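What follows is one structure encoded as structure tokens, with my remarks underneath.
Derivation of every value follows stated rules applied to the coordinates shown; laboratory data play no part. These numbers come from a predicted model, not from an experiment. Neighbour counts run over all protein chains shown; Cβ positions are idealised from the backbone, glycine included.
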Amino acid sequence: MNKLLDAKVTSLKKISLALLNYTDTFSFVIREEQHISKEAIDIIEHLKSYLIETKKVSEWPGTNLLWGKVTLYSYYFNNESAYILYTTEDNLYKWLLPDRPEDLTFYKNDKPFFVSITHEKDAFFEVEENDEIFLKIKKFI
């Protein structure tokens, strides 16, 4: 059974570097009804080489909409895509529309591992027992 543990880290660089080779993909969302800035469009453009898929969803890790849909962008997570993320904006909670996509999530074996709900300034790890040791070593919990 998975446990939810509050994340005690807001530095995207620290998160990204620690999760390299531990997680394999990441995602974020763009709310279609909101205007997005050129900066947000540029982020998507810079990441296009790592894109796995985009899809319209009403539910993603940490969020379940009552109405409407968002576009969920899923990417491969590697050194290059990590660098794009943390050099764009290191503070996790500044990943908000209109300037940046929202709700970064990192996946381990296709399961959410690190989940953020950025407009609520909330982030947590969804872990199995052996993951807790890794997070304690990294001082994330």
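Residue-wise test of (1) of a type in the set (A, V, I, L, M, F, W, C); (2) touching a helix residue (DSSP H, G or I) at 6+ places or on another chain (Cβ under 6 Å).
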position	(1), (2)
Asn78	no, no
Ile84	yes, yes
Thr87	no, no
Leu97	yes, no
Val127	yes, no
Asn130	no, no
Phe134	yes, no
Lys139	no, no
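The condition (being touching a strand residue (DSSP E or B) at 6+ places or on another chain (Cβ under 9 Å), among the acidic types (Asp, Glu) and in contact (Cβ under 8 Å) with a residue 40 or more places away in the chain) is satisfied by just one residue among Asp122, Asp131: Asp122. Quick check on Asn2: is it surrounded by fewer than 16 Cβ atoms within 10 Å (Cβ to Cβ), touching an Asp or Glu at 6+ places or on another chain (Cβ under 6 Å), of a type outside the set (Gly, Ala, Ser) and over 16 Å from Pro101 (Cα atoms)? Taking the combined requirement at face value, the residue satisfies it. Give me the residue from region 7-45 that is in contact (Cβ under 8 Å) with a residue 24 or more places away in the chain and of a type in the set (Lys, Arg) and, out of that set, surrounded by the most Cβ atoms within 10 Å (Cβ to Cβ). Among those that are in contact (Cβ under 8 Å) with a residue 24 or more places away in the chain and of a type in the set (Lys, Arg), it is Arg31. Being polar (S, T, N, Q) and either at positive phi or assigned to a strand (DSSP E or B) (or both) is the filter here, so list the residues in region 1-39 that pass it. If the condition is that a residue be polar (S, T, N, Q) and either at positive phi or assigned to a strand (DSSP E or B) (or both), then Ser11, Asn21, Thr23, Thr25, Ser27 are the ones that fit. Residue pairs whose Cβ atoms lie under 7 Å apart, separated by 6 or more positions or on different chains, with the first residue in region 46-67 and over 22 Å from Ser81 (Cα atoms) and the second loosely packed, with under 11 Cβ neighbours inside 10 Å and of a type in the set (Asp, Glu), do not occur. Applying the condition of being touching a Phe, Trp or Tyr at 6+ places or on another chain (Cβ under 7 Å) and among the aliphatic types (A, V, I, L, M) to region 83-122 and asking which residue is nearest to Thr25 (Cα to Cα) yields Leu104.
Screening Phe113 on (1) out of contact with any strand residue (DSSP E or B) (no Cβ under 7 Å at 6 or more places or on another chain); (2) touching a residue at least 60 places away in the same chain (Cβ under 8 Å) shows it passes everything except condition (1). Tell me which residues, restricted to region 54-84, are acidic (Asp, Glu) and part of a helix (DSSP H, G or I). Hit for region 54-84 is Glu80, nothing else.
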